[in-house]
Amino acid sequence: MRWRHWESTEFRPNSPRLRVYKPARPGCADRLMSEETRPSLYGYTCSELEALVVEWGSKGVHAAKIWRHLYLEGRSDWETIHELPQQLAQRLHTEMSAGELPITRETHSSDGFTRKYLLGLKDGHQIETVLMRYSGRVTACISSQVGCAMGCVFCATGQMGYTRHLTAAEIVAQALHVDRTLRETTQENPALAESDHESPHHRHERLRNIVLMGMGEPLHNYDAVIKATEILRDPGGLALGAKKITLSTVGVIPGIIRLADERQPIHLAVSLHAADQAKRASIVPVAKKWTLDELMQACRYYVEKMDRRIFFEWTLIEGENDRAEDAHAVGRLLKTVPCQVNLIPLNPTSGYEGVPSDLTSAKRFQSILAEYGLPSTVRQRRGIDIAAGCGQLAIAEE
Ligand code: SF4
């Protein structure tokens with residue numbers, strides 16, 4: 001019953017559009033069951049795929065063809081792709097899974113800017129992925145875990161608890177799902193195609209941005225998340241720019257240090273929410289383990305080592321952290337850190353009673369930050385009617 005508020009919202013008259021998916025054809029569920037134990041191709045980097053193809057006795061050059069079909073053509077019907085040796089196509093068909101995540105439910109926000117997908121995993125768990133169209137850009141909000149162990153008080157994912165990490169393949173598959181959606185949308189409306197470029201990748205509207213801000217704490221699942229970003233950045237595949245991928249953490253310090261030491265080129269966002277230790281620990285329990293002082297040291301280490309700014313996220317909660325004195329505290333804390341502050345009015349969840357700040361308070365907060373030379377944005381609230389906003393993603397486990 002805990003998550004009923006958004007379930008029922010979807011079904012009321014004049015509610016946002018909802019599609020419930022059933023198996024496409026008889027036997028589809030059986031086919032998926034039989035694929036349960038097969039490794040997913042989405043979990044392989046291009047060089048790992050090449051090594052596999054060579055191990056199977058084929059020439060490594062075929063890996064690039066498989067990669068192209070998988071990521072640019074959206075195909076995995078290997079036995080009908082004649083440029084692959086028959087034996088290789090047969091092994092791909094019988095021993096590997098394409099790794100697509102079956103869609104259980106799709107909801108569209110009433111303003112048309114946001115779509116939320118409920119996707120199934122092989123072990124029966126489910127995750128949510130969001131497609132957002134803001135300012136002419138398409139961004140996918142991707143999950144990194146089933147649930148989350150961090151327990152941020154205002155967050156629906158935190159309220160549902162932690163179940164397990166996602167694999168790199170499951171993270172990549174979410175981006176591929178959104179990209180496929182764009183391909184289908186373009187087929188319905190060819191005007192959305194980017195250009196008449198010969199590459200199949202450009203014949204449909206492209207997924208250009210990814211934010212790892214869905215379900216889960218990405219730095220709690222570091223290896224799989226970073227591997228997924230490498231696969232998504234591969235120039236022969238989706239070819240996402242490193243600066244088009246933003247990883248958001250609540251402050252997992254070892255992960256922040258590791259990002260810097262490995263010089264991972266993606267952007268980093270840190271959820272701050274409070275500028276003093278006691279208040280932050282009451283909103284973000286993980287701050288009891290990694291204190292605000294330690295977090296700021298890690299952030300300074302990151303910006304110095306990476307020579308780039310950091311994004312700080314601040315969920316604005318009325319009367320809790322949106323007063324003028326809170327804004328001054330942020331200003332004092334961050335004025336020497338190269339950064340941008342993203343202010344996000346709280347999105348409602350059934351497990352938290354806080355209220356979002358109004359626009360006047362948000363603007364006042366922003367103007368105080370400006371006094372300290374801190375650039376900031378107030379994030380547009382989108383997708384709230386389908387519970388697709390920041391902190392709203394959650395699955396009601398049976
Ligand atoms: S805000 Fe992020 S880190 Fe915090 S509980 Fe939610 S998903 Fe986890």
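Here, each number is a calculation from the coordinates, and none is a lab measurement. These numbers were taken from a predicted model, which means no experiment stands behind them. Every residue, glycine among them, receives a Cβ derived from its backbone with ideal geometry; neighbour counts consider all protein chains shown.
In a shell of Cβ-Cβ distance under 14 Å around ARG323, excluding ARG323 itself, what net charge do Lys and Arg (+1) and Asp and Glu (-1) give?
-4
Evaluate the charge dipole of segment 301-377 about its Cα centre and quote only its size in Debye, nearest 20, assuming +1 on the Cβ of each Lys and Arg and -1 on the Cβ of each Asp and Glu.
380
Show me the chymotrypsin sites (Phe, Trp or Tyr not before Pro) within segment 73-139 that DSSP assigns to loop and that have at most 11 other Cβ atoms within 10 Å of their Cβ.
In loop regions of segment 73-139 (DSSP not H, G, I, E or B), there are no sparsely surrounded chymotrypsin sites (Phe, Trp or Tyr not before Pro).
In the neighborhood of LEU52, defined by Cβ-to-Cβ distances under 11 Å, what is the net charge if each Lys or Arg adds +1 and each Asp or Glu adds -1?
For residues surrounding LEU52, the net value is -3.
Which value in Å is the Kirkwood Rh of the chain over different Cα pairs?
After inverting the mean inverse Cα-Cα distance, the result is 22.2 Å.
Taking the Cβ of ASP358 as the centre, find all other residues whose Cβ is under 12 Å away and add up their charges (Lys, Arg: +1; Asp, Glu: -1).
+1
Going through the cross-link list LYS335/LYS363; LYS243/LYS305; LYS243/LYS288, which pairs have a Cα-Cα distance over 21 Å in this structure?
Violating the 21 Å Cα-Cα cut-off are LYS243/LYS288.
Could you sort the peptides 169-182, 54-67 by per-residue average Cβ neighbour count (10 Å cutoff), highest mean leading?
Packing order, densest peptide first, comes out as 169-182, 54-67.
Could you pull out every residue, at least 5 positions away or on a different chain, whose amide H is within less than 5 Å of the one on CYS339? Hs are placed 1.01 Å off N in the peptide plane, and Pro or chain starts have none.
HN-HN under 5 Å from CYS339: ILE310.
Towards the positive end of the charge dipole of segment 290-398, with charges on Cβ (+1 Lys, Arg; -1 Asp, Glu), say which of TYR352, THR377, ALA394 has the farthest Cα.
THR377
Counting helices only, and only those DSSP H runs with n ≥ 4, report the 222 nm mean residue ellipticity of the chain as the sum of -39,500 (n - 2.57) divided by its residues, in deg cm²/dmol to the nearest 500.
Only helices count here, giving -10000 deg cm²/dmol.
Mind checking the dipole of the chain: about its Cα centre, +1 per Lys or Arg Cβ, -1 per Asp or Glu Cβ, Debye to the nearest 20?
Dipole about the Cα centre, nearest 20: 600 debye.
Skipping prolines and chain starts, which residues have an amide H placed within reach, meaning under 5 Å, of the one on ARG75, given they are 5 or more residues away or on another chain?
Under 5 Å from the amide H of ARG75: LEU70.
Order these peptides, 308-315, 335-342, by their mean beta-carbon neighbour count within 10 angstrom, highest first.
Result, highest mean first: 308-315, 335-342.
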